[in-house]
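Worksheet: the structure to be examined is printed underneath.
The values are calculated or read from the model by the stated rules, or taken from the named source; none is laboratory data. This one's a predicted model, so the numbers in the text were calculated from it and none came from an experiment. For neighbour counting, all protein chains shown are included, and Cβ atoms are generated from backbone atoms with ideal geometry for every residue, glycine included. In case anyone asks, the SASA skips ligands and DNA or RNA and just uses the protein heavy atoms, side chains included. Shrake-Rupley method; radii C 1.70, N 1.55, O 1.52, S 1.80 Å.
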Amino acid sequence: RPKPVVKVSPDQRVFRGETVTLTCDIQGGGNIQWTYSWFKDGSVIRHVTKRVYTITSVSDSGEYSCRGKRSDLQRSDISAAVTLTVSGLTPKPELTLDSAGAALTGNTVTLTCRMDPSTGWHFYWYKHTPNSETKTETNSYRVKTDLVSDGGQYWCRAGRGNPVYYTQYSDALWVNVTMTPKAVVTVRPDERVFRGETVTLRCDIKWGGDTEWTYRWEIEGTNDQYKNSVSQISTQEWNISSVDHIHSGKYTCTGQKNTQCSQRSDAVTLTVSAEAQAAVRVSPQPWLTEGDSVTLICEVTGSSTGWTFSWFRDDDHLSDSSRGAGGSYTLSPAALQHTGVYTCRAERGRPAYYTNYSNTQPLWITGVSRSVSLVVSPSRSQHFSSDSLSLSCEDQSNSTGWTVRRYTDRNTEDCSKQTGSTCRIVSLSTSDTGVYWCQSESGEKRHPLNITVHDGDVILVSSVDPVIEGDTLTLHCLHRSTNSPILRADFYKDGSLIQNQTTGEMNITTVSNHSTAGSQSECHVQFSSGSFRAAVQMPQSER
């Protein structure tokens, strides 16, 4: 005989006043017409003969079962009893929020209305007043917190059945909405770095309390493989050791706590350049008299942040590092032994990253009383290539023991073709351009002079020695082919025309610092075959 099964809606656990529907299902009965008997706690329920038994406003718990009878009077088995439990109190749901603390603008929070039992309920949501009702099929409700005003008091209740049976309202839950903080990316040591340096990126979010954030990093401007690796980083600080060009790009970060996200930071552009190059310059000038002051300045090309500097003279490290603080190295007063070729190097970071060594900067200090002189023949600072040049060290007390040395773009070396204290260069080339001086056997250096060799057809002739303030300075133009002064010449100072001369000479009477210091003079001559220029840098006058 078939055995019926009792099904209960909405649930076997219900509340007093709800409507409960019991259904008696008989499997395998075919098309046979059945009548039904219902039992409560083993006793027949009179006048109930239908398959579906509806109890309105249920009040009592009990065990319910059913049995079917066919038209031929054959009966089914009695179903297994189903226990219906009726609670006397109207239930009250619990309203919870998915995140602790304040919600952030631009995010979404989820409210959950918890019911026990949880079967068959619809949920009703309210903000500020019970009149603003929103119905959902599930017990969760998403609130978009675009504005601070989206916060406030929220309630919920549940309902089921027909007619609807309502629970009590939940306790009010206050949703506090505040402005979302914005992440800030900082980079150490600098946004412009050099290949091989160690870089630290940090994501900071200004937010009260002890909120624990997790972090997400993103980059624009590089290949997809590196982008994917960046997206896996979740720490606040991120170290990139030995950066390369692939790391160049625009970096941003966001923070997340629970389901809330911060605003994305502004992008910080990390630029990775090739090797760092130090450069050295001198102020006010590289030629000075004993007792003067001079400052050497070391800079890293294209970068100024976080560097410390080391100084070298003639390739020897200078131990008085306090003089090199801030990238400057000051000699005050300058002494004869400070003469030499200076270089610098910068470093920053841990582990330390070093720049390339700087260009070389000669520094020449001469005595107040100069007993040794470097005599140049022809006596001028500019010379034509292929011409000959003679340089001789003349000592008023002792002409022996002095040699001519020079510093060119290549290195420091003895002058070629030297006999005793005299050096003779038979055929000059532009590579002979440099600073020449006299040096004793003990290493003492005297009387540095600047010699420039030109491949052009015109040079500006001026004194090879610094000009003494108050004297008269005569300048003239010299042409390679005639090796004599040019009669027609225009003279310029720092690019501006100052005189037209038919004598080929220009006289500056009573020379002062204002007229010569740090300036560049040049002459300009016209021939039928073309135009020629030559320039000379005027050294600052001696005291």
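Quick notes on this structure:
- A straight line joining the Cα centroids of the stretch 425-479 and the stretch 128-190 runs 86 Å.
- Cα centroid separation - the stretch 1-40 against the stretch 229-287, whole Å: 72
- Where only DSSP H runs of four or more residues are counted, the chain gives -500 deg cm²/dmol as its mean residue ellipticity at 222 nm, each run worth -39500 (n - 2.57).
- Counted residue by residue at 0.36 nm each, then reduced by the alpha carbon distance between them, the extension gain from Thr269 to Val148 reaches 40.3 nm.
- Taking 25 °C and 0.890 mPa s as conditions, the stretch 159-255 diffuses translationally at an estimated 146 µm²/s according to Stokes-Einstein applied to its Kirkwood radius (Cα pairs).
- Rg ratio for the chain: its Cα radius of gyration over 2.2 N^0.38 Å, N being its residue count, equals 2.02.
- Inter-probe distance in nm under a simple model that places probes 7 Å from Cα toward Cβ, at Ser231 and Thr510: 7.9
- The residues neighbouring Ile246, those whose beta-carbon lies less than 15 Å from its own, together hold a net charge of -1 under the Lys/Arg +1, Asp/Glu -1 convention.
- Sulfur and carbon atoms: percent of accessible area, the stretch 268-307 [1.4 Å]: 50
- A 1.4 Å probe run over the protein chains yields, for the stretch 250-326, 49 Å² of accessible area per residue, whole-number rounding.
- Look at the alpha carbon pairs under 8 Å that are at least 6 residues apart: their mean separation over the length of the chain gives a relative contact order of 7 percent.
- Expressed as a whole percent, the accessible surface of the stretch 1-82 that belongs to carbon and sulfur atoms is 43, based on a 1.4 Å probe.
- Those residues of the stretch 265-290 whose amide nitrogen sits under 20 Å from the label point placed on His245, 7 Å along Cα→Cβ: 269-277
- Measuring nothing but protein heavy atoms, the accessible surface of the stretch 83-154 at 1.4 Å probe radius is 48 percent carbon and sulfur.
- Residue-normalised accessible area of the stretch 389-477, given per residue in Å² at a 1.4 Å probe: 46
- Largest accessible area first, the residues Ile468, Ile365, Ile205 order themselves as Ile468, Ile205, Ile365 under a 1.4 Å probe with ligands, DNA and RNA left out.
- Met179 contributes an accessible area of around 120 Å² to the protein surface, as traced by a 1.4 Å probe with all chains present.
- Average accessible area per residue (Å²) across the stretch 45-135 - probe 1.4 Å, nucleic acids and ligands excluded: 55
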